[in-house]
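Read through the structure below, which is laid out as structure tokens, and then see the notes.
The values are calculated or read from the model by the stated rules, or taken from the named source; none is laboratory data. No experiment lies behind these values; they were computed from the predicted model shown. FYI the Cβ positions are ideal-geometry reconstructions off the backbone, even for glycines, and counts take in every protein chain you see. Only protein heavy atoms, including side chains, enter the accessible area calculation; ligands, DNA and RNA are left aside. Shrake-Rupley method; radii C 1.70, N 1.55, O 1.52, S 1.80 Å.
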Amino acid sequence: MISVSEALDHLFALAAPMPSEQVPLLQAAGRILTEDAVSTRDQPPFAASAMDGYAVIGAQAHPGARFTVIGEAAAGHRFNGVLSSGQAVRIFTGAPLPEGADRVVIQEDVTRDGDQIVLGDQLDTGPHIRPAAGDFRIGSRLSAPRRLSPEDIALLASMNVPRVTVSRQPSVALISTGDELVMPGEAPGPDQIIASNTFGLHALLRNLGAAPRLLPVARDTVSSLSTTLDLAADADLIVTIGGASVGDHDLVAKVTAERGMERAFYKVAMRPGKPLMAGRLGRAMMLGLPGNPVSAMVCGHVFLAPVIRAMIGLPSRPAPRTSAPLAQAIAANGPREHYMRARLTHEGIAPFDAQDSSLLNVLSQANALLVRPPHDGPREAGEMVEYIALGS
């Protein structure tokens, strides 16, 4: 067996970066920007009012001052004249500032009678003007690489960037194996269970920015598994779930070897998830996950997520870890790195009592994986430990 760190090194060596493609801005959220996006305009493109009020010459704006209103400026409709001494322009938020004005007096500080206004006794300091290019200028950049957030999309739209260059989404083929599996909604036989792993991994992959697809369940025959692998031939990454162990019905290693798989490793010193296999099968990277539901999902967070991030152009790094105090004492760990399903609260982090790799209900309640190093000794409440966050 190899360590988790060694397994990740092998996986990063196998993970080929995706080529770039251009997509419309509306399709770019969550994608990885691979080329800087450059603004084609200043924002704002003109000095603009930040409030509803009256544009005046700032040096004349003092309590009790009188002005003659000579026009109006609204968003999308500027006042085309030039402001002179003793004159004001009624102005609304977002409107271009009239030429000659350098102050906006808010409407709450003004009394108006016809075309005459008088400023109130107590004026704020103003000037309530957004300067031209105060946000960004022509040539300003949104730098790559970065995962594009909704806020980034708003910025890019304001920069007048209609299309962006992003990493292509990796195509991931998900293959469950086993005669015991039926799909959700089907009626299982007396010896069958519902296929769950591929559904959880599909959701994880979509959130990571990949393009996953579920293939038919591969039954415990060479012909069935071979047929399903044929359907995955165009994928960038093939993920099998189950069948990678050494039992009589575990065919993944045998069939993929016969198809020319170049194996990188098999078995990792971790709990849960020891029977992990990886290599290259034709043009595709391949990752064989264990069949136990929790094992597959934990390996998804520990291995699959960092691989996808590397493929889409983000740094090749393990899943990020954070530290928190233990909310309760825990016993010593064994010889394998242990990823314990845990709950993080304001009081600290506490692992669940039940850690069996078949308990999806426990995993669903967990919001963290408490990471125990090999041979880690007993820990007391309050000691700091590392964890990997799950979900939001």
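In table form, for the structure just shown:
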| quantity | calculated |
| --- | --- |
| Count - residues of segment 28-53 that are out of contact with any strand residue (DSSP E or B) (no Cβ under 6 Å at 6 or more places or on another chain) and more than 19 Å from Met311 (Cα to Cα) | 5 |
| Tally, over segment 79-107, of residues that are open to solvent by 70 Å² or more (accessible area, probe 1.4 Å) and without any contact (Cβ under 8 Å) to a residue 24 or more places away in the chain | 3 |
| Single unsatisfied condition, Gly288 versus (1) open to solvent by less than 10 Å² (accessible area, probe 1.4 Å); (2) of a type outside the set (S, T, N, Q); (3) in contact (Cβ under 8 Å) with a residue 60 or more places away in the chain | (3) |
| Count of segment 257-278 residues which are buried (at least 19 other Cβ atoms within 10 Å of the Cβ) and either over 18 Å from Leu237 (Cα atoms) or polar (S, T, N, Q) (or both) | 6 |
| Failed criterion for Arg343 (all others in (1) under 17 Å from Ala389 (Cα atoms); (2) touching a residue at least 60 places away in the same chain (Cβ under 8 Å) hold) | (2) |
| Condition check for Arg341: open to solvent by 10 Å² or more (accessible area, probe 1.4 Å) and not polar (S, T, N, Q) | no |
| Condition check for Ile117: out of contact with any helix residue (DSSP H, G or I) (no Cβ under 6 Å at 6 or more places or on another chain), over 29 Å from Asp135 (Cβ atoms) and open to solvent by less than 10 Å² (accessible area, probe 1.4 Å) | yes |
| Output for segment 21-49, where each listed residue is in contact with a Pro (Cβ under 9 Å, 6 or more places away or on another chain), closer than 30 Å to Arg103 by Cα, part of a loop (DSSP other than H, G, I, E, B) and among the polar types (S, T, N, Q) | none |
| Residue within segment 197-213 that is in a loop (DSSP other than H, G, I, E, B), open to solvent by 40 Å² or more (accessible area, probe 1.4 Å) and over 30 Å from Asp52 (Cβ atoms) present | no |
| Any hit, segment 167-190, residues being modelled with pLDDT of 95 or more, open to solvent by 40 Å² or more (accessible area, probe 1.4 Å) and not polar (S, T, N, Q) | yes |
| Residue list for segment 46-78, restricted to those being in contact (Cβ under 8 Å) with a residue 60 or more places away in the chain and open to solvent by 60 Å² or more (accessible area, probe 1.4 Å) | Phe46, Met51, His62, Pro63 |
| Residue identified as touching a Pro at 6+ places or on another chain (Cβ under 9 Å), crowded, with 16+ Cβ neighbours inside 10 Å and in contact (Cβ under 8 Å) with a residue 40 or more places away in the chain among Met384, Met311 | Met311 |
| Identity of the residue in segment 129-160, under 22 Å from Ala50 (Cβ atoms) and among the acidic types (Asp, Glu), that ends up surrounded by the most Cβ atoms within 10 Å (Cβ to Cβ) | Asp135 |
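Yes or no, residue by residue, for (1) over 49 Å from the mean Cα position of the chain (by Cα); (2) over 22 Å from Asp121 (Cα atoms); (3) part of a loop (DSSP other than H, G, I, E, B):
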{"residue": "Met51", "(1), (2), (3)": "no, no, yes"}
{"residue": "Pro63", "(1), (2), (3)": "yes, no, yes"}
{"residue": "Thr68", "(1), (2), (3)": "yes, no, no"}
{"residue": "Asn80", "(1), (2), (3)": "no, yes, yes"}
{"residue": "Arg90", "(1), (2), (3)": "no, no, no"}
